[in-house]
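Here the structure is laid out as structure tokens; the discussion comes afterwards.
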Amino acid sequence: MSNTHGMTPTNSAIFGGSLRIPGEKAAAKPVVRATWKPRQRWRAFSSKLFFFTSLMATVLAVAALIYLLQSVAEQGLDRVSWSFITSFPSRFPAKAGVKAALWGSAYLTVLTAAISVPIGVGAAIYLEEFAADSKLRRFIDINIANLAGVPSIVYGMLGLMLFVRICHFGRSLLAGAATMSLLILPIIIVASREALKTIPTGIRHAAFGLGATRWQTVRAHVLPSALPGILTGVILSLSRAVGETAPLLMIGALSYMAFVPETPMDAFTVLPIQIFNWTARPQDEFHVTAAAGIIVLLALLLTVNALAIFLRMRYQRKAQW
Amino acid sequence: MVNVGKDQATVFEPSAPYAIEVNDVNVSYGTSRAVLDVSLKIPEHTIVALIGPSGCGKSTLLRSMNRMNDFVSSAKVTGEILFRGSNIYADDADPVLLRRQIGMVFQKPNPFPTSIRKNITWGPGINGFQGDYNKLVESSLRRAALWDEVAGKLGESGLALSGGQQQRLCIARAIAMDPDVILMDEPCSALDPGSTLKIENLLLELKERFTIVIVTHNMQQARRVSDYTAFMYQGELVEFGPTDGVFETPKQELTRDYVSGRFG
């Protein structure tokens, strides 16, 4: 923004000191300059050093990922086939498949999304757009941030107590999804709030200035603009839920299932638990099966993440200011 | 520089009817007081300019006239502001209804990130406008002197327009609500001289229909467009009166120093 009127910057100077009377001139003084030590070579060297260090950090991270993918692929790629995806687990390693676990993971993800997205996005809208800046709100803020850092096994214990026992959901898909929802709610809330924060206040003021209520403002202008950011947060937190094992072990997801769950009250298993089960077996053949399971899980996660990136790019082109 | 104090201020009383009456208004943000004991009457169908150096409280005073200060949680307003004779800070006053009648144009152009047409129609839509939307879009854009430039591309994004066009779109959006009063918070400070001139000419036409209160940093602009000028300094109203009088024969020394460019 240019300062077309040429007044703004001088105000503070004027109010800080005395008014300068036009025509009055300061007496000429000899100019004294400080000595400067540019240390040009050290600065150039340290810049290069930092470039190299950060490059190494990147290379290391990528190398670790490539090594992981390569060793898993070497072990299990031959084992991945259509029948591996469409078969139930078996005590014969060559016949075992991931059908029950894959469907369990898919159902669990959908059910978790159905529970956590409305609650998480709703809470974010309340905290960001409606709640007044009070002590209670700041207390909630701190707690949500802390909840995001609670170990997942603790959520498993809470889920076992609350959903399996008290709510009588049993060791069901619904209990698993509710537990997973608790786990990812803080992440969804934080990500959605960040997305809402990026929407310029000018848009909100424009709407309020036209006689809009808060909800009309949020519904028509803030939420649509924040949607790509919210979607990205939701999908990334769901992909975390897909990969979690500990809380589901805690609430008692099965490790051997020869059927696909049909209702939310059915027992279930998921890919990470299936993989964990296979790696714990003594037979080497099962380790190959586990590697194949890991490939399926990674493919699923990468697909979900790619979807997040695609959605973000697609909607981001539309809104810009 | 000494503060003038309320009793020493020169406040002219224009003749009724008034669009807005400000009575003993104080606005504070936490412990800092932004507006001190300001009283002034804004007559209907005039343009009133609020001038003064940065931080003098003129924008704060403007935003308290349609309760936009409600969105600053630390802001506290005392005193009363009468619109159509009733206090907008009364317990039973509804700020949403108020803002429908007192429109606002902001310093930075802030069109909605939707089409030009939707920018105009959204406000009337949520407030139950029953007329012809096509006519409303055309008449609002015409009054904002923007119609000829956008007539063929009403479906395009408001953000694709130039800064000056965006600001006129924001004015058209405010006009479409057919408010009584339009508040403008330095509407030209982000614009080039050509766009500024267009908007100034526009204001002179708009006052036939609306009352306009405009905050400006630009004294020449205040002089060109306004009927009355209020000069504020450090939260206080120093002088309020017909624009010619304030600029040519100011009663207060502080006003004289400011309008002659000795500070600010």
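Distance from the alpha carbon centroid of segment A:44-90 to that of segment A:211-244 works out to 31 angstrom. Take each residue of peptide B:109-118, count the partner chain Cβ atoms within 10 Å of its Cβ, and average: the result is 4. Using the empirical formula 2.2 N^0.38 Å as the baseline, the Cα radius of gyration of segment B:80-172 reaches a ratio of 1.23.
Based on DSSP H segments of at least four residues, each scored -39500 (n - 2.57), the protein assembly as shown has a per-residue ellipticity at 222 nm of -15500 deg cm²/dmol. Take the Kirkwood radius over Cα pairs of segment A:37-77, plug it into Stokes-Einstein at 4 °C and 1.567 mPa s, and you get 103 µm²/s for translational diffusion. The fewest-to-most ranking of A:TRP278, A:TRP103, B:TRP122 by surrounding Cβ atoms within 10 Å reads A:TRP103, B:TRP122, A:TRP278. Fraction of C-alpha pairs exceeding 32 angstrom in the protein assembly as shown: 62 percent, rounded to a whole number.
Remark: relative contact order (segment A:88-241) = 29 percent; criterion is Cα-Cα distance under 8 angstrom and separation of 6 or more residues. Taking GluC sites (Glu not before Pro) in DSSP loop states with no more than 13 other Cβ atoms inside 10 Å as exposed sites, chain A has its longest site-free stretch at A:25-261. Kindly state, to the nearest 0.05, the FRET efficiency for A:ARG165 paired with A:LEU298, given R0 = 35 Å and r defined as their beta-carbon distance. Result of the calculation: an efficiency of 0.55.
Rg and Dmax, both from the Cα atoms of chain A and both in Å, are 28.6, 100. Exposure proxy for A:LYS29, B:LYS41: other Cβ atoms within 10 Å of each Cβ, ordered fewest to most, give A:LYS29, B:LYS41.
Shielding of peptide A:211-217 by partners, expressed as the average count of other chain Cβ atoms within 10 Å per residue Cβ, is 5. May I ask which residue of A:THR303, A:LEU173, A:PHE268 lies farthest towards the positive end of the charge dipole of the protein assembly as shown, with charges of +1 (Lys, Arg) and -1 (Asp, Glu) on Cβ and the Cα centre as origin? With unit charges placed on the Cβ atoms, the residue in question is A:THR303. Based on C-alpha pairs under 8 angstrom that are at least 6 apart in sequence, chain A has a relative contact order of 24 percent.
Taken one residue at a time, the phi angles of segment A:45-50 give Karplus couplings (6.51, -1.76, 1.60, θ = phi - 60°) of 5, 5, 5, 5, 4, 5 Hz. Gly and Pro are set to x. Packing, taken as the mean count of other beta carbons within 10 Å per residue, orders the peptides A:142-151, A:47-56 from highest to lowest as A:142-151, A:47-56. Peptide B:163-174 shows a mean partner chain C-beta count of 1 within 10 Å per residue C-beta.
Calculated on the alpha-carbon coordinates, the convex hull of segment B:153-264 measures out at 123 cubic angstrom per residue. Pairs from the list B:LYS58/B:LYS207; A:LYS48/A:LYS197; B:LYS108/B:LYS153; A:LYS197/B:LYS118; B:LYS58/B:LYS108; B:LYS58/B:LYS153 with a Cα-Cα gap above 28 Å: A:LYS48/A:LYS197; B:LYS58/B:LYS153. Spin-label model, A:PHE130 to A:VAL260: label points 7 Å out along the Cα-to-beta-carbon direction sit 3.9 nm apart.
Computed over chain B, relative contact order equals 29 percent, with contacts defined as Cα pairs under 8 Å that lie 6+ residues apart. Which FRET efficiency value, to the nearest 0.05, is calculated for B:VAL96 and B:ASN23 with the Förster distance at 22 angstrom and r the Cβ-Cβ distance? Efficiency for this residue pair is about 0.45. The Stokes-Einstein estimate for segment A:116-256, based on a Kirkwood radius over Cα pairs and taken at 20 °C with 1.002 mPa s viscosity, is a diffusion coefficient of 131 µm²/s. Counting only the Cα atoms, segment B:6-259 fills a convex hull of 126 Å³ per residue.
The packing ranking, built from the mean of other Cβ atoms within 10 Å per residue, places the peptides B:150-156, B:160-166 in the order B:160-166, B:150-156, highest first. Stretched out straight at 0.36 nm per residue, the stretch from A:VAL150 to A:THR86 would grow longer than its current Cα-Cα span by 19.4 nm.
Each value in this text was obtained by applying a stated rule to the coordinates, not by laboratory testing. This is a predicted model, so every value here is computed, not measured. Counting neighbours? That spans all protein chains shown, and the Cβs are built from the backbone with ideal geometry, glycine included.
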